[in-house]
Amino acid sequence: MIDVLCISGPSKPLSGRVVVSGAKNASLPLLFASLLTGEPCVFDNVPDLEDTNATLRILRSFGARYEYRDNQVKIHTEKLVSTTAPYGLVKAMRASFWLMGPLLARAGRASVSLPGGDAIGTRPVDLHLKGLSAFGAEFRMDHGVVHAEAPGGLRPAEINLDFPSVGATHNILMAASLIPGRSVLRGAAREPEIVDVCAFLESLGAEISGAGTDEISIVGTDRPGSGYHRVVGDRIEAATMLLAAAVTAGEIQLEGISASILDSTLLLLRQMGCEIIISESGDVINLKAPMELKSISFETAPYPGVATDVQAIFLAALTRAAGVSVIKENIFESRFGHVAEYRRFGADIQISGRQAEVVGVPNLSGAPVEAHDIRAAAGLVIMGLLAEGTTQIRELHHLDRGYERMAEKLKSLGADIVRVPAIDAREVVVGC
């Protein structure tokens with residue numbers, strides 16, 4: 001049986017309060033980092049996602065015992081029973097390559113398949129390997145699997161990244177946290193999820209300075225203890241919920257995330273005509289949208305720039321904005337795959353290389369569509385809220401990988417949205 005998400009639109013203005021879940025892009029590396037210690041670890045605010053559960057299954061293959069309840073994970077890998085990541089478990093999730101650093105640091109060897117995941121362009125691992133090689137690791141590749149060993153043990157190093165890769169930064173920091181002595185990473189990614197991982201590594205016993213900047217210093221420990229961390233709010237989910245309210249001329253209150261990590265998103269929303277008020281504490285965001293959104297232009301960039309992960313949802317929102325919007329994608333070379341599905345609604349979008357030109361149209365029509373990656377799936381939800389009639393979205397496993405209870409949250413705000421079973425993948429769904 002295949003589920004389909006049905007949205008009836010155009011949606012009435014969304015209103016109410018919504019709490020953002022924990023960040024997927026912090027939860028996964030944090031869970032992998034639990035392999036660094038033989039002591040128990042606890043994580044709060046972990047979102048219940050397909051990727052979260054896949055990560056826990058991977059960790060169980062290494063000997064981890066865990067309990068996952070009410071968004072809390074208690075996990076303990078007292079002894080590593082393997083250093084090889086099972087291909088069947090890691091093939092569909094690119095984040096699985098983040099296993100390399102923890103396994104190398106704790107066991108001195110690792111075998112991990114090349115990353116899979118969303119089809120949004122090449123994802124080279126050369127920066128990961130460059131960084132880990134500086135610590136003394138040696139690599140060979142065999143049938144799509146990267147095998148690593150540190151025959152002389154890992155040693156401190158100073159590493160310069162040519163690009164602020166989030167994944168490479170995670171891997172290098174996790175490995176460095178178990179290397180006695182001081183290592184320095186320059187050109188590091190600055191994302192809030194990196195700061196989260198650094199805070200957890202400190203709870204294990206590492207000494208870290210510079211988290212959130214492009215130069216991070218790590219003094220590792222050879223006796224890691226137990227660890228605890230509460231996962232930061234998901235800034236991509238926050239952007240999605242704010243845009244859902246914006247395209248419906250709605251008014252919502254968003255909680256569960258600090259506005260300080262949403263600066264670029266909030267700036268774009270204000271440019272589109274939204275009124276945004278932030279509480280004194282900084283963790284409550286109130287958005288009031290205009291009747292008609294304005295066109296804007298922007299380009300994606302590493303944090304604190306506009307995240308590539310919000311490109312698809314902003315593009316969706318701009319399909320009915322007044323005027324012409326231009327979006328340049330600087331991170332991944334193939335991240336406009338969602339445009340073909342957006343055009344099925346009647347959107348006017350032209351692609352030239354890494355640039356999309358979006359001409360706002362007065363009306364969109366609901367359509368049967370398929371999601372091709374996590375953020376494209378969220379973009380299709382935005383399109384469904386905008387379009388006249390019924391939209392049916394298939395391939396919901398992408399949405400389930402990255403968003404916790406999205407349909408339920410939108411429904412609580414007033415969206416006409418329901419998840420129903422299809423009789424057959426080739427047939428019209430029932431219950432829309």
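The values are calculated or read from the model by the stated rules, or taken from the named source; none is laboratory data. Given the structure is predicted, the values throughout are model-derived calculations rather than measurements. Cβ coordinates were reconstructed from backbone atoms using ideal geometry, including for glycine residues, and neighbour counts include every protein chain displayed. For the accessible areas, the whole protein counts, side chains as well, though only heavy atoms, and no ligand, DNA or RNA atoms are used. Shrake-Rupley method; radii C 1.70, N 1.55, O 1.52, S 1.80 Å.
Kindly state which strands (runs of 3 or more DSSP E) lie completely within the stretch 314-408 and contain at least 3 residues that are open to solvent by 10 Å² or more (accessible area, probe 1.4 Å).
Details: elements: 324-328, 348-352, 355-359, 368-370, 389-394.
Per the criteria, 324-328, 348-352, 355-359, 389-394.
If I filter the stretch 95-118 down to residues being modelled with pLDDT under 90 and assigned to a helix (DSSP H, G or I), which single residue comes out as nearest to the chain's Cα centre (by Cα)? Let's see the steps before the verdict.
Here is the first cut: in the stretch 95-118, the residues modelled with pLDDT under 90 are 95-97, 113-118.
From the residues that got through so far, the ones that are assigned to a helix (DSSP H, G or I) too are 95-97.
Details: A95: 10, S96: 13, F97: 15 Å.
It comes out as A95.
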(request) Looking only at the stretch 214-230, decide whether some residue is in contact with a Leu (Cβ under 9 Å, 6 or more places away or on another chain), basic (K, R) and either surrounded by 19 or more Cβ atoms within 10 Å (Cβ to Cβ) or within 30 Å of A107 (Cβ to Cβ) (or both). (result) no
(message) I'm checking my understanding of the structure. Among residues of the stretch 299-324 that are out of contact with any Lys or Arg (no Cβ under 9 Å at 6 or more places or on another chain) and free of Cβ contacts under 8 Å to residues at least 60 places away in the same chain, which one is farthest from I194 (Cα to Cα)?
(response) V324
(request) Tell me, please, whether a residue that is part of a helix (DSSP H, G or I), open to solvent by 50 Å² or more (accessible area, probe 1.4 Å), out of contact with any Leu (no Cβ under 6 Å at 6 or more places or on another chain) and not small (G, A, S) can be found in the stretch 239-253. (result) no
(request) Return only the number of the condition from (1) within 19 Å of I261 (Cβ to Cβ); (2) part of a helix (DSSP H, G or I); (3) open to solvent by 20 Å² or more (accessible area, probe 1.4 Å) that Q311 does not satisfy. (result) (3)
(request) Have a look at A371, A356, A378, A340 and point out the one that is within 23 Å of the chain's Cα centre (by Cα), closer than 30 Å to F163 by Cβ and free of Cβ contacts under 8 Å to residues at least 12 places away in the same chain. (result) A340
(request) Output the qualifying pairs, or none if there are none: Cβ atoms under 6 angstrom, residues six or more apart or on different chains, first residue in the stretch 195-212 and under 15 Å from R182 (Cβ atoms) and open to solvent by less than 30 Å² (accessible area, probe 1.4 Å), second residue part of a helix (DSSP H, G or I) and modelled with pLDDT of 95 or more. (result) I208/C198; I208/E202
(request) Kindly indicate the residue of the stretch 265-283 that is touching a residue at least 24 places away in the same chain (Cβ under 8 Å) and open to solvent by 30 Å² or more (accessible area, probe 1.4 Å) and also nearest to A238 (Cα to Cα) among those meeting that condition. (result) D283
(message) Regarding the stretch 161-175, can at least one residue be identified that is touching a strand residue (DSSP E or B) at 6+ places or on another chain (Cβ under 9 Å), surrounded by fewer than 24 Cβ atoms within 10 Å (Cβ to Cβ) and within 12 Å of L132 (Cα to Cα)?
(response) yes
